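Data block below; observations after.
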Amino acid sequence: MAARLDDLNASPCAVRSQMSVSAVPHRLQLWLLGLRGRSLVLEGGGLSSLPERSRLEVGIPIVGPRSILCALSLHGPGEVGETILRGWMRMLSHPVDGGVSLRFEGRSSNSRCGAGESEVAHDLLALIAQRSQLR
């Protein structure tokens with residue numbers, strides 16, 4: 001019975017984050033399609049919650065006229081870094097005003113549930129929005 005309780009205590013935490021950004025949806029689509037199935041080393045870019053030299057793995061995006069659904073996995077530094085977050089990102093763009101909503105839903109490998117994981121997810125969305133608009 002003790003092993004079962006330990007397994008429950010070590011289970012991953014649900015992580016959710018959402019933000020609205022001023023972005024060109026088409027550029028985000030192209031950026032994600034260019035990264036599909038590959039890793040990108042992140043430098044943090046002044047976002048303190050993202051570990052320096054962490055890796056973002058991007059799954060194959062499902063792209064619609066005003067939406068994207070894409071699997072994401074954030075790993076710690078190094079070739080075999082520990083998984084920090086895993087889940088999916090959804091982008092929806094408003095048909096009239098051009099606003100873009102980014103949302104991450106997933107799990108943290110950290111057994112301690114707290115605001116830190118949501119902050120990492122929020123900073124990850126901000127970094128994705130920023131990097132995708134640089135093309």
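Read-outs throughout are calculated quantities, based only on the coordinates presented, and are distinct from any laboratory measurement. Everything numeric here is computed off the predicted structure, so don't read it as measured data. No Cβ is skipped: glycine too gets one built from the backbone with ideal geometry, and neighbour counts run over all protein chains shown.
Once both labels are positioned 7 Å from their Cα atoms along Cα-to-Cβ, the gap between residue 92 and residue 30 label points is 2.6 nm.
Exposure proxy for 131, 36: other Cβ atoms within 10 Å of each Cβ, ordered fewest to most, give 36, 131.
Residue-wise HN-Hα couplings along segment 128-133, as the Karplus relation 6.51 cos²θ - 1.76 cosθ + 1.60 with θ = phi - 60° gives them from phi, are 4, 4, 5, 5, 5, 8 Hz; Gly and Pro carry x. Residue-normalised convex hull volume from the C-alpha trace of segment 12-132: 90 Å³ per residue. Remark: spin-label model distance residue 16-residue 38 equals 3.3 nm, labels positioned 7 Å along the Cα→Cβ axis.
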